[in-house]
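The values are calculated or read from the model by the stated rules, or taken from the named source; none is laboratory data. A quick note: this is a predicted structure, and the numbers were derived from the prediction, not measured. Cβ: placed from backbone, ideal geometry, glycine included. Neighbour counts: every protein chain shown. Note: areas computed on protein heavy atoms with side chains; ligands, DNA, RNA excluded. Shrake-Rupley method; radii C 1.70, N 1.55, O 1.52, S 1.80 Å.
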Amino acid sequence: MQRTAEQCFLTAMTSAQDPGQAAAELAVQLRHPSLGCVLFFCSAEYPLATLAVALEQAFGAVTVIGCTSAGEITAAGYGRGCISAIGFDADVFAVDCTLIRELDNFTLVDAQAAVEQMLNHCRQVDLAPVKDRTFALTLLDGLSSREEVVLSTLSTALGSIPHFGGSAGDDNHLSHTHVYYQGGFHTGAAVLVMINTWLDFEVFTTHHMEPREDKLVVTAADSESRTVLELNAEPAAEEYARLVGVPVEELKHSTFALNALAVRIRDQFYVRSIQRVNADHSLTFYCAVDTGIVLTAMKPGPLLPGLRLQLEQIRQRLGNPVLIIGCDCFLRRMEAELRGEDGMLSTFLAANNVIGFNTYGEQYNGMHINQTFTGVAFAIPE
């Protein structure tokens, strides 16, 4: 029997600021007899301890996972200061998840054990073959600075299973980011989710950056803290400011959004976004940096055409997506707002059934990347 999108999953959002009311509103929109899992993205402005209790009370035995965000994507497009959620039908999705509590101590043995346990769950539920019908989602603490190590380890354990995810945000405060698992919000942690389904799906990533001729060589860096001390043997912030043509004192998030740097791997460019300027004129990044790498200056192209093309190509392969879970870098949204394109982009996301959040970094098949739109698209098999 052919199912409609509404029979596969429901979406919900609430702007209620009271945690109890917010959780209750989500439950009213999502609860049904075969609800198997809820995935949510929430503003960090909520009192998180109170919200955690409210969510647990509202959904009871249903698995609930999520994270804080730097902006939400709802069924109506971009949101701010709200909660956006998806409810997965247990007849369509087999979902299992685990909490990685200590990112610093996460080993390959841990990764292999977690992946095997979750794959066994999918096999036991027996909704669809594991091969080609399974993908992984990660939600990581966006200020942990451990994404690369954890993702590399997970990639080895996942093998050919496609994987994507996003780093939790905190409404651009850059102070406390959280993931949610089994009734509590956690820092310095990650949630790993395995999803098996008979729906067709495709994991994808896209960006709108184009390379310039200018190159910057990292001549001194502290890779542990993702901090570049020198570019081209000059204080990093001073050399970057010279490149973009503004005084060091005027460097800010909007400058970073419009003047990205990227590392080239084979024929692809992967953005390394700057997080902040430090007092010693070093630069701290959201992604891994190390001494000796060459950073290419990038210029932003228009935001919408690349995303529209990506989704059109997915549509040709899968059919019309009934849901897209999207991890959209918060710097992309900031850029859209600076250009006055956020309304147009918001309308496009709503028209294409995107639910998700603005991230402090995206994850794609073992890589930690910035300033991308990364996600998974679902379509009902014909």
query: Taking ALA288 and the conditions (1) part of a loop (DSSP other than H, G, I, E, B); (2) without any contact (Cβ under 8 Å) to a residue 24 or more places away in the chain, which numbered condition does it fall short on, given that it satisfies the others?
result: (2)
message: Can you name every one of the helices (runs of 4 or more DSSP H) wholly within segment 5-67 that holds 2 or more residues which are at pLDDT 95 or above?
response: 19-30, 48-59
query: Do you know which of the residues in segment 287-340 that are over 24 Å from ARG266 (Cα atoms) and among the polar types (S, T, N, Q) is modelled with the highest pLDDT?
result: GLN316
message: Being under 23 Å from CYS287 (Cα atoms), open to solvent by less than 10 Å² (accessible area, probe 1.4 Å), small (Gly, Ala, Ser) and modelled with pLDDT of 95 or more narrows it down to one residue among GLY71, GLY142, GLY87, GLY77; which is it?
response: GLY71
message: Out of everything in segment 96-124 that is of a type in the set (Val, Ile, Thr) and surrounded by 13 or more Cβ atoms within 10 Å (Cβ to Cβ), what residue ends up being farthest from the chain's Cα centre (by Cα)?
response: VAL115
task: Go through segment 208-242 and count every residue that is buried (at least 18 other Cβ atoms within 10 Å of the Cβ) and within 19 Å of LYS299 (Cβ to Cβ).
output: 7
field: From VAL322, VAL271, VAL277, VAL248, residue being in contact with a helix residue (DSSP H, G or I) (Cβ under 6 Å, 6 or more places away or on another chain) and under 20 Å from VAL203 (Cβ atoms)
entry: VAL322
